[in-house]
Amino acid sequence: MRDAAAVPRPLPALALVALTLCACAGTPPSADPGRPPGSVTLLPMPDDPPLLDLQEDLDASEQLVLPLPSADVSDFIQRVQLLAGGSPDSGGPVLGDDRTTVTLYWFGTPPDAVLDLVAEYEGRVRVDVVATPFRPGDLLAEADRLIREHAPTVQAVGPRVQGDGIQVLVEEAAVERAGSLDAVLDGLDTPFPLFGEVGGVVPA
């Protein structure tokens, strides 16, 4: 009879995954030959910006932990916020899921001070400057008016980071009275596009 310790056993699934990850970890992603790192690209606003696919019921062990951004990326975000965070034309910098790309939403052309800052980090931080269809400051002011004049129908509101409109959280009872979410949104007199959802804010 063979010793049980000498009998080869199949590796558990988790071990196979770990081995696969170790084998692939040293392979860097292929670089885009047409796009030098650190360059600035002015991109038009897409007609239908992608929405985040949130999975709220993931088990904690299944949630992906994103890596921390580099010191250069963190430093750039902090400096651009200090430089232009109060500008009504700025939608704010947004860190990409790859933790290496920063998208700077801006209405019109950014001022020279912002472009100079981007140039300072050329080769270290990839920055995409995306034009917004509406001025973020105008969206913020309109969002403030909507919550003041239409509460509690409007439970929460804020400008979308893409600068393409305003996100509105509508009270469920108001939707039931109006017959649909669209009917409620149509009743909110505003010149900006509204992106609505039904829900409520839990009191603190």
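The values are calculated or read from the model by the stated rules, or taken from the named source; none is laboratory data. From a predicted model like this one, the values you see are computed outputs, not experimental measurements. We place every Cβ from the backbone using ideal geometry, glycine too, and count neighbours over all the protein chains shown.
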(Q) I'd like to verify a number: residues in segment 157-189 that are at pLDDT 95 or above and crowded, with 16+ Cβ neighbours inside 10 Å, how many? (A) 19
Q) Filter segment 78-102 for residues that are surrounded by 19 or more Cβ atoms within 10 Å (Cβ to Cβ) and free of Cβ contacts under 8 Å to residues at least 40 places away in the same chain; which is nearest to THR132 (Cα to Cα)? A) PRO93
Q: State yes or no: is VAL94 at pLDDT 90 or above and either in the same structural domain as VAL161 (by TED's automatic domain parsing) or more than 15 Å from GLY163 (Cα to Cα) (or both)?
A: no
**Q.** So GLU149, is it in contact (Cβ under 8 Å) with a residue 24 or more places away in the chain and charged (D, E, K, R)
**A.** no
Q.
Checking ALA143 against (1) under 21 Å from the mean Cα position of the chain (by Cα); (2) farther than 28 Å from VAL201 by Cβ, only one condition comes out false. Which one?
A. (2)
Q.
Considering only residues that are closer than 22 Å to SER87 by Cα and either of a type in the set (Ser, Thr, Tyr) or surrounded by 20 or more Cβ atoms within 10 Å (Cβ to Cβ) (or both), which ones fall in segment 143-156?
A. ALA143, LEU146
**Q.** Total residues in segment 93-102, condition out of contact with any helix residue (DSSP H, G or I) (no Cβ under 7 Å at 6 or more places or on another chain) and under 24 Å from GLU142 (Cα atoms)
**A.** 1
**Q.** strands (runs of 3 or more DSSP E) wholly inside segment 92-204 containing at least 2 residues that are of a type outside the set (Asp, Glu) and within 30 Å of VAL65 (Cβ to Cβ)
**A.** 101-106, 126-131, 154-159, 166-170
